[in-house]
Amino acid sequence: MIKIQGIKKSFGQLQVLKGIDLEIGKGEVVSIVGPSGAGKTTLLQIIGTLDRPDSGTVAIDGIDTSSMSTRKLAEFRNRHIGFVFQFHQLLPEFTAIENIMIPAYIAGRSTKDAKARATELLEFMGLSDRAGHKPNELSGGEKQRVAVARALVNNPAVILADEPSGSLDSKNKQELHQLFFNLRDKFGQTFVIVTHDEQLAAITDRTIKMRDGMVISISDSDKSEPAAGPDRDSMQEQNSDTITN
């Protein structure tokens, strides 16, 4: 699904990425961990085509993004990649459903189609009764779930998340972590998550550890350890109808 070869990136005299080679399979939930300054966010931005490497290539779903024009990259990003950030970045003047619909409008989809997809996602998130609420009328957990729905509205192949639960309390953090797996199981996306949260990293399919601009280890999740928070199977059963706040 994602193939990264020889990625290097410098800012002035500072070399942030020193030759990254990495492959991430379809449907994986992968965490990227490491100390501040390791290059995690820079790598995520390059995977997401928000920044270009100095050298190396990034291919997503067999498509090499390295030689695309700026316009083509923007179109590709809108249709194939969804983003979730630490802070929800919802537009305050729009309602929850309107925020979710924005990427669909950018992709040229009709209002009817965009609203139907946004409504489906709100139902899955357990937020149908919040569709007409603006961000200042939502809790922190609700805002972040709306942001996740916005990332999913164009059914992208890849979801990239940068410290997505960093601003949430323990309860909402656990529910958001479980939500990523439930979404993967329902919609089939690949998730790449930069995080400092050890509990989240422990339950992802693989953990990529970075230091000083290099990947120093890749480890499989220890599935013998229980996931933090609610049991995954019970949460999936709940999600057949809704996810409670």
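The values are calculated or read from the model by the stated rules, or taken from the named source; none is laboratory data. Nothing here was measured: the structure is a model prediction, and the numbers come from that model. Reconstructed Cβ throughout: ideal geometry from the backbone, glycine too, with neighbour counts over all protein chains shown.
Numerical summary
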read-out: Boolean, residue 116 is of a type in the set (Gly, Ala, Ser) and either surrounded by fewer than 18 Cβ atoms within 10 Å (Cβ to Cβ) or in a loop (DSSP other than H, G, I, E, B) (or both); value: yes
read-out: Conditions (1) in a loop (DSSP other than H, G, I, E, B); (2) closer than 27 Å to residue 177 by Cβ; (3) hydrophobic (A, V, I, L, M, F, W, C); number of the one not met by residue 83; value: (1)
read-out: Search result, residues across the range 35-65 that are crowded, with 22+ Cβ neighbours inside 10 Å and in contact with a Ser or Thr (Cβ under 7 Å, 6 or more places away or on another chain); value: 58
read-out: Criterion: in contact with an Asp or Glu (Cβ under 7 Å, 6 or more places away or on another chain), closer than 29 Å to residue 205 by Cα and not hydrophobic (A, V, I, L, M, F, W, C) - qualifying residue of 126, 166, 141; value: 141
read-out: Hits in the range 74-91 (condition: of a type outside the set (Val, Ile, Thr) and within 21 Å of residue 163 (Cβ to Cβ)); value: 77, 82, 83, 85, 86, 87, 88, 89, 90, 91
read-out: Complete set of residues in the range 63-85 that are touching a strand residue (DSSP E or B) at 6+ places or on another chain (Cβ under 7 Å) and without any contact (Cβ under 8 Å) to a residue 12 or more places away in the chain; value: 64
read-out: Residue match in the range 20-40 (condition: free of Cβ contacts under 8 Å to residues at least 40 places away in the same chain, of a type in the set (A, V, I, L, M, F, W, C) and assigned to a loop (DSSP other than H, G, I, E, B)); value: no
read-out: Residue in the range 183-194 that is under 25 Å from residue 126 (Cα atoms) and among the small types (Gly, Ala, Ser) present; value: yes
read-out: Verdict on residue 131 being in contact with a strand residue (DSSP E or B) (Cβ under 8 Å, 6 or more places away or on another chain) and small (Gly, Ala, Ser); value: no
read-out: Filter result for the condition that a residue is in contact with a Ser or Thr (Cβ under 7 Å, 6 or more places away or on another chain) and either assigned to a loop (DSSP other than H, G, I, E, B) or more than 30 Å from residue 211 (Cβ to Cβ) (or both), over 94, 76; value: 76
read-out: All positions within the range 82-100 that are under 17 Å from the mean Cα position of the chain (by Cα) and modelled with pLDDT of 95 or more; value: 99, 100
read-out: Total residues in the range 61-95, condition within 16 Å of residue 47 (Cβ to Cβ) and acidic (Asp, Glu); value: 2
